[in-house]
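The values are calculated or read from the model by the stated rules, or taken from the named source; none is laboratory data. On a predicted model such as this, the values are computed, not experimentally measured, just so you know. Every residue, glycine among them, receives a Cβ derived from its backbone with ideal geometry; neighbour counts consider all protein chains shown.
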Amino acid sequence: MEVAVLGATGMVGQRFIERLVNHPFFELSDLAASSRSAGKKYGEAARWVLDSAMPKEVKNMSVREVDPKKINAEIVFSALPSEIAREVEPKFAEEGFIVASNASAYRMEKDVPVLIPEVNPEHLDLLEVQKENRGWDGCIFTDPNCSIAAAVVSLKPIYDKFGIKSVFITTMQAVSGAGYAGVPSMAITDNVIPFIKNEEKKVETEGLKILGRFDGKKIIPANFRVSASCNRVPVLDGHTESIFVETRKKGSIEEVKKVMKNFRSLPQKLKLPTAPENPIIVREEEDRPQPRLDRYAGKGMAVTVGRIREDSILDFKYTVLGHNTIRGAAGNSVLGAELLVKTKKI
Ligand SMILES: NC(=O)c1ccc[n+]([C@@H]2O[C@H](COP(=O)([O-])OP(=O)(O)OC[C@H]3O[C@@H](n4cnc5c(N)ncnc54)[C@H](OP(=O)(O)O)[C@@H]3O)[C@@H](O)[C@H]2O)c1
């Protein structure tokens, strides 16, 4: 199946390329970016910032404009800034493309699934409702915000087993979360910035939608309280989060560890090519997870949980770490597209 990347020169776009070159289901047919890059060879237009080398397959590809008439593919992976995504993603869906979006523009629309393949695969059925509502041949499904992605993967087995009453989340978010050149080095070096615009609202709302129940027509959000406090820290990749949980049924710390360790879902059963063997890795060391040591767990698709312990106010607390441009963005989208293909929903 031919696929294209919109916003291919950016931080998330590069992660898409890394994961799509030599993919068993997908063939990378087109790359698109802004008018600054369109018309150039990818190798000239992109400032490659990943540890791995730029794949030779893309160096000489011509960068296209972000225009459905100029793109040849069935699925487009969108890594566009939100305001651009708002304008162009519906045009692609109208023209029959399946849009796997990383932008926040359509996440909270009632007929748009926010997909974490291990958490809410059944929400993909909302795409039929969306096509009917909007009269589109194609469709849009989105990734969650990069912080809530890691948090929700870790909360899913707890939610299913014990129910959740309330959650506090304090994030320590990597600079790559703001895109390339997103945070000036003079602002972040030797510093912590206790503010990320619009982030706390996303963390407080998106998880409830993802953990919500699909009733055949709409998603009924999960019913618990979330309070978030978001910080930018001088780490390159990998968002670390302190999570405090109050559950409906009480469980011991050992039971909490067990449900997290044993968590497997549809992508694992279907053996999707980029599904991690264990979506949640539980570490017992007193000082893990750490971004430098744990961000590539499961090739960046596993979240790492540690320091699970009792809390003196709520029930228990722990630290979770997830790779923001892999599990929190491109990797999660590619896994979602694999799920769509394998379950023949497209
Ligand atoms: N970074 C993360 O951890 C993360 C995680 C989850 C979701 N997201 C979301 O993913 C999206 C991309 O983020 P990013 O971090 O990759 O940003 P980025 O590094 O700034 O890259 C932005 C991309 O969009 C293209 N672009 C910019 N303006 C455009 C325009 N007017 N028309 C067409 N293309 C345009 C850029 O092309 P040029 O190179 O030609 O300018 C570049 O390819 C954003 O919506 C972001 O919120 C990011």
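At-a-glance table
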| quantity | calculated |
| --- | --- |
| Selection count, segment 23-48, where residues are more than 7 Å from the ligand (Cβ to nearest atom) and either basic (Lys, Arg) or at pLDDT below 95 (or both) | 3 |
| Failed item, numbered, when VAL129 is tested on (1) more than 24 Å from GLU199 (Cβ to Cβ); (2) among the β-branched types (Val, Ile, Thr); (3) outside any helix (DSSP H, G or I) | (3) |
| Filter result for ALA105 (assigned to a loop (DSSP other than H, G, I, E, B) and within 12 Å of the ligand (Cβ to nearest atom)) | yes |
| Candidate set from segment 49-68 (those that are assigned to a loop (DSSP other than H, G, I, E, B) and within 11 Å of the ligand (Cβ to nearest atom)); member that is farthest from GLU109 (Cα to Cα) | VAL49 |
| Output for segment 165-179, where each listed residue is buried (at least 22 other Cβ atoms within 10 Å of the Cβ) and touching a strand residue (DSSP E or B) at 6+ places or on another chain (Cβ under 9 Å) | VAL167, ILE169, THR171, GLN173, ALA174, VAL175, GLY177 |
| So PRO117, is it more than 11 Å from the ligand (Cβ to nearest atom) and over 20 Å from PRO267 (Cβ atoms) | no |
| Verdict on ASN332 being closer than 21 Å to GLU122 by Cα and not basic (Lys, Arg) | yes |
| Cβ pairs under 6 Å, 6+ apart, first in segment 173-185 and within 7 Å of the ligand (Cβ to nearest atom), second polar (S, T, N, Q) | SER176/THR325; GLY177/ASN324 |
| Selection count where residues are surrounded by 11 or more Cβ atoms within 10 Å (Cβ to Cβ), among the aliphatic types (A, V, I, L, M) and under 22 Å from VAL49 (Cα atoms), scope segment 182-199 | 3 |
| Tally of residues being within 13 Å of the ligand (Cβ to nearest atom) and either small (Gly, Ala, Ser) or surrounded by 24 or more Cβ atoms within 10 Å (Cβ to Cβ) (or both) across segment 69-98 | 9 |
